[in-house]
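The values are calculated or read from the model by the stated rules, or taken from the named source; none is laboratory data. Treat the numbers as computed from the prediction; the structure is a model and nothing was measured. Cβ: placed from backbone, ideal geometry, glycine included. Neighbour counts: every protein chain shown.
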Amino acid sequence: MSAFLSAIYTGRVTHRRMRPKRHFLRYRMFYMLLDIDEIKGIALTNRWFSHNRFNLFSFFDRDHGSKFDAAAGCSDLRAYVENHLREARMVPDGGPIKLMTMPRILGYVFNPLSVYFCHDVNGTLKALIYEVNNTFGQRHSYVFQLDDTDDGKPLHQECRKEFYVSPFMDMALDYDFTITRPSSSASVVINASDQDGLIIATAFAGQRREFSDWNLLKLFFGYPLLTLKVIAGIHWEALWIRVKGVRIKPRPQTPIQTRTIIPQRTKSDIQFSK
């Protein structure tokens, strides 16, 4: 039994495009759920996982928050995430922050989506941050404040699309997020709609696996070169969509790194419990 709270979730991702041309894809994949305070310890106790250095699997800070803004005092991943929370008028108290993401495999990764689960010291989930990367080297974070409801049901959020991702999708869209708190299983569903209804439905569903050397080896051979397949699959599917006659949308000029704050409370300030 692992002493760590971090885990692995293996499953499948699906994309179903409704308009203007129908298109469907499904791939086997996995995510890691990493307590950001455990990453160094995991690297010390697992032969096939490293922190900020090459291995079969590795986690590099700069793949996520470590395009750090020195002016904002972001010296590490926790500081980076907590700066997002402060900009959302929240006061973090050092509670657990768990990141669901793909690691580097043999030194390479491209994460279309990573999710931060931000808790207070009592373990109550207070915020979700959806970190989105596009293939043009840009990143955007959607920061959602949560209420104190913990009824075990999936969490639901909505917002306007603020970041260019697919060259085949308009910017004038609404996102609908549904996510479960990771336990024995995990799932993330993201739908995008326009005024005429659903455009695309995406989903990941996976089952929890213990974080161990044995399971890492099984991942390496069971999902060979997964992170390379992700970026290759994106371009392969884009080619098929283009062949089907879908036109490319112009890409707006945006900064390399941006964020959108979506408040879900009416109070002027939100403070984590102490």
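Inside the stretch 152-175, can you point out the residues that are charged (D, E, K, R) and farther than 16 Å from S187 by Cβ? I'd like the intermediate steps shown before the answer.
Quick first cut of the stretch 152-175, residues charged (D, E, K, R) only: 153, 158, 160-162, 170, 174.
Residues satisfying the conditions are E158, R160, K161, E162, D170, D174.
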Handout entry: Candidate set: the stretch 4-44, residues that are more than 19 Å from the chain's Cα centre (by Cα) and part of a loop (DSSP other than H, G, I, E, B); chosen: the one farthest from A192 (Cα to Cα)
Key = F4
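Which of the strands (runs of 3 or more DSSP E) contained wholly in the stretch 133-245 include at least 1 residues that are of a type in the set (A, V, I, L, M) and within 18 Å of G11 (Cβ to Cβ)? Walk me through how you get there before you give the answer.
On the way: elements: 139-145, 155-160, 174-179, 185-194, 197-210.
Per the criteria, 174-179, 185-194, 197-210.
Report whether or not V230 is surrounded by 14 or more Cβ atoms within 10 Å (Cβ to Cβ) and farther than 25 Å from P103 by Cβ. If you could, list the steps in order and put the result at the bottom.
Values: surrounded by 14 or more Cβ atoms within 10 Å (Cβ to Cβ): yes; farther than 25 Å from P103 by Cβ: no.
No; evaluated as a whole, the condition is false for this residue.
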Practice task
For the stretch 106-118, state whether one or more residues are surrounded by 18 or more Cβ atoms within 10 Å (Cβ to Cβ) and over 14 Å from the mean Cα position of the chain (by Cα).
Solution key: no
Completion exercise
Checked the stretch 142-179 for anything polar (S, T, N, Q) and modelled with pLDDT of 95 or more; matches are T178
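Can you name every residue in the stretch 49-65 that is in a loop (DSSP other than H, G, I, E, B) and either of a type outside the set (S, T, N, Q) or closer than 19 Å to V132 by Cβ (or both)? Give the steps one after another, and end with the answer.
Start the filter on the stretch 49-65 by keeping residues that are in a loop (DSSP other than H, G, I, E, B), which leaves 52-56, 60, 64-65.
Residues satisfying the conditions are R53, F54, L56, F60, H64, G65.
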Problem - Unmet criterion (only one of (1) over 15 Å from the mean Cα position of the chain (by Cα); (2) closer than 29 Å to E87 by Cα) for E131 - result: (1)
Handout entry: Residues being under 17 Å from V115 (Cβ atoms) and among the β-branched types (V, I, T) - total across the stretch 28-61
Key = 2
Exercise for the section: Quick one: N133 ticks every box in (1) under 21 Å from R104 (Cβ atoms); (2) of a type in the set (S, T, N, Q); (3) touching a residue at least 40 places away in the same chain (Cβ under 8 Å); (4) in contact with a Leu (Cβ under 9 Å, 6 or more places away or on another chain) except a single one, so which number is it? Expected result: (3)
Practice task
For the stretch 229-248, enumerate the residues that are closer than 20 Å to I199 by Cβ and of a type outside the set (V, I, T).
Solution key: G233, E237, A238, L239, W240, R242, K244, G245, R247
